Amino acid sequence: MTGELSGDAAAPDFESWAAARGPALVRYAHLVTGGSPDAPDLVQDALAQVWARWGRLEGDAEAYARRCVTNGSVSRWRKLGRLRAVAQVGETAGPDPTAAVDDADHAWALLATLTAVQRAAVVLRFYEERSYAEIGSLLDVPETTARSHVHRALRSLRTRLEEQP
C-alpha cells in the first residue's frame, strides 16, 4: 500500500491516523455489530471511504469513520433481514451456566438481544457518550427517533433483567 500512495502528500498523514485509530474503530465496530466477525471488514470499508475523502474531512475523520461503520452495520443488517432463525434449546440437566458469568459478559449478552439500530444507539449514547442529536446525525434519523431507540432499548433491557431470577 505504501508504494501506491507514496506520491500523495496526504498519504503519510492518513496512514499514521489509520494505524493509530484502527484498533479503536475495530472495538467500536465490534460493539455496534454485536460481536459479529464482520466488524474488521466494516472498519476496512470505512477506512477506504475515509481515504477517498481524506483531503475534504477537515480534521473530523474519526466521526466520519464511525458513521461509516455504523451505516455499514445497519446496511448489512437490513440486507440480512431483521429476523434470524434460532434453534430451540431444551432444558439442561446441569446448573445454570449464567450464574458464573461476570457483569460484563452478562451486559454483552443483553446487548446482543437488541436490534442492530437499538444496539448502535445504546453504544453511541453510553459507550461513546454522544448526545441524542449526534446519535440522530450518525444514524441518519431525527433526534427524537434516536431518543426513542435508546428509550426502547433500555426498556427492553430492564424487562429482560426483571425476568431473570
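Read-outs throughout are calculated quantities, based only on the coordinates presented, and are distinct from any laboratory measurement. Given the structure is predicted, the values throughout are model-derived calculations rather than measurements. As a convention, Cβ positions derive from the backbone with ideal geometry for all residues, glycine included, and neighbour counts pool all protein chains shown.
Positive contributions from Lys and Arg (+1) and negative ones from Asp and Glu (-1), summed over other residues with Cβ under 15 Å from the Cβ of ALA29, come out at +1. On full extension, the segment bounded by VAL26 and SER137 gains 37.9 nm, given 0.36 nm per residue less the C-alpha separation. Once the Cα-Cα distance is subtracted from the 0.36 nm per residue extended length, the SER75 to ARG152 segment shows a gain of 25.6 nm.
In what sequence, highest mean first, do 64-74, 28-38 appear when ranked by Cβ atoms within 10 angstrom?
Ranking, from highest mean packing down: 64-74, 28-38.
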